[in-house]
Amino acid sequence: MAFTVGILGGGQLARMLALAGAPLGLRFLVMDSVADACAGQVAPLLQADYRDQAALEEFAARVDVATFDFENVPAASAEWLAARVPVYPNPRALAVSQDRLEEKNLFRKLGLATPDFAVVDSLQDLERAVADIGLPAILKTRRLGYDGKGQFRLREAGDVEAAWAELGGVALILERFVAFERELSVLGVRSSTGQFASYPLVENWHASGILSASLAPAAVSAGLAEAALEAARTLAAALDYVGVFALELFLVEGRLMANEMAPRVHNSGHWTIEGADTSQFENHLRAVLGAPLGSTAPRGKSAMLNWVGHLPARDVALGEPAAHWHDYGKSPRAGRKVGHLTLCADSETLLAEALLRTGAALDRADQVASVIAVLGTTH
Ligand SMILES: Nc1ncnc2c1ncn2[C@@H]1O[C@H](COP(=O)(O)OP(=O)(O)O)[C@@H](O)[C@H]1O
Ligand SMILES: [Mg+2]
């Protein structure tokens with residue numbers, strides 16, 4: 001019988017996992033509550049809620065191992081499954097990364113700096129936290145936030161009431177807004193045999209809280225790259241983590257601060273499909289299988305541009321020889337990630353030229369500008 005990987009969540013990450021797993025001889029079963037989940041176009045889909053007991057039983061019976069494209073699968077469902085099939089990453093790692101407070105407490109325990117933060121469960125807590133931490137600050141829901149959702153930025157004391165009106169009622173955390181110089185991420189991968197590897201540091205740019213562009217390898221000093229790798233290795237070991245994960249970092253006054261971790265393959269690793277020896281998707285599967293990990297070495301320089309809301313003209317983009325197109329098969333919707341493009345080049349100069357051409361051809365000059373600006377510099 002063919003080996004079947006079950007994936008909880010059927011979005012573009014599950015879709016790219018299934019595409020990467022086919023050459024390894026793997027079969028997939030994707031579970032998602034949405035009938036037109038885009039991974040369903042490339043793998044069998046079990047349409048059900050993650051709490052549906054009968055569906056979980058069917059899922060467990062049909063898969064040899066389970067993993068996630070979505071970290072907010074209820075902890076109880078992940079634990080129920082883990083009692084029946086291997087589940088990677090393990091439910092505890094999932095639970096820690098589902099809660100911004102637990103996540104930040106773990107970072108600090110491991111010696112990773114974070115922005116100052118305070119727990120907020122009431123309006124009084126929020127007032128006290130603002131007084132302690134200072135402004136500007138960001139109020140975030142502890143759970144279920146993504147792509148900048150579940151966040152309120154406070155600039156002045158008068159914003160407290162509005163922030164509470166918008167987010168109050170669930171468990172919250174207030175964070176000091178750090179004036180970072182760069183946003184970076186490191187993708188780590190640890191296999192069920194304990195083997196660890198990490199990809200080169202990536203620099204990321206967000207627009208409206210959503211990833212807009214990534215550059216890999218980031219133009220940072222060797223010392224920073226080493227510090228990020230060590231942070232990822234420490235975190236993976238502490239969580240007995242299996243699979244790929246991303247650690248999002250801020251560079252503040254030359255030092256790294258941890259923002260959050262994602263317990264799964266990550267948007268800032270999409271460049272690895274064409275830009276690294278082994279993609280994050282293939283390495284996630286290798287890790288879950290306990291197979292040897294593939295080389296994470298970059299092939300030249302890569303830039304990834306996210307398509308949010310709707311896709312630009314595909315055939316115009318394909319006119320660029322350095323371009324690799326990814327259409328997730330999703331219908332257009334404001335704020336939704338519907339695809340991405342990766343440009344690969346042998347040098348920063350050639351990458352900058354490809355970015356300039358692509359930005360002009362697709363009318364995305366703004367999106368490519370920040371990436372072009374850092375090419376040829378080292379921070
Ligand atoms: N403490 C902070 N200081 C400055 N910018 C922040 C802070 N927290 C978040 N941001 C900005 O908002 C973006 C989204 O926040 P993040 O905590 O990563 O949530 P999400 O789960 O939505 O990715 C970050 O990538 C960063 O650009
Ligand atoms: Mg984030």
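The values are calculated or read from the model by the stated rules, or taken from the named source; none is laboratory data. Owing to the predicted nature of the structure, the values given are computational and were not obtained by experimental measurement. Please note: Cβ atoms are built from the backbone with ideal geometry, for glycine as well, and neighbour counts cover all protein chains shown. To get the accessible areas, we keep the full protein, side chains included, count just its heavy atoms, and leave off ligands, DNA and RNA. Shrake-Rupley method; radii C 1.70, N 1.55, O 1.52, S 1.80 Å.
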Task: Answer from Val30, Val42 - the residue that is over 21 Å from the mean Cα position of the chain (by Cα) and at pLDDT 95 or above - done: Val42
Open item on the list: Exactly one condition in (1) within 25 Å of Arg286 (Cβ to Cβ); (2) part of a helix (DSSP H, G or I); (3) in contact with a Phe, Trp or Tyr (Cβ under 7 Å, 6 or more places away or on another chain) is false for Leu56; which is it?
Closed with: (1)
Task: Residue in the stretch 93-116 that is touching a residue at least 24 places away in the same chain (Cβ under 8 Å), within 16 Å of ligand 2 (Cβ to nearest atom), open to solvent by 20 Å² or more (accessible area, probe 1.4 Å) and not in a helix (DSSP H, G or I) present - done: yes
TODO: Spot the failing condition for Gln195; the list is (1) away from ligand 1 (no atom under 12 Å from the Cβ); (2) closer than 17 Å to Phe180 by Cβ, and only one is missed.
DONE: (2)
Task: Selection count, the stretch 139-163, where residues are within 16 Å of ligand 2 (Cβ to nearest atom), open to solvent by 60 Å² or more (accessible area, probe 1.4 Å) and modelled with pLDDT of 95 or more - done: 2
TODO: Output the residue which, of all residues in the stretch 227-267 that are in a helix (DSSP H, G or I) and closer than 19 Å to Thr67 by Cβ, is farthest from ligand 1 (Cβ to nearest atom).
DONE: Ala236
Open item on the list: touching a strand residue (DSSP E or B) at 6+ places or on another chain (Cβ under 9 Å) and open to solvent by less than 10 Å² (accessible area, probe 1.4 Å): which single residue out of Leu56, Leu167 fits that description?
Closed with: Leu56
Task: Top-ranked residue in the stretch 204-222 [being assigned to a loop (DSSP other than H, G, I, E, B) and of a type in the set (S, T, N, Q); ranked as modelled with the highest pLDDT] - done: Ser221
TODO: Of all residues in the stretch 170-203, count the ones that are closer than 18 Å to Thr296 by Cβ and either in contact with a Leu (Cβ under 7 Å, 6 or more places away or on another chain) or not in a loop (DSSP other than H, G, I, E, B) (or both).
DONE: 16
- [ ] Restrict the check to the stretch 193-205 and report whether at least one residue is closer than 17 Å to Ala369 by Cα and open to solvent by 30 Å² or more (accessible area, probe 1.4 Å).
- [x] yes
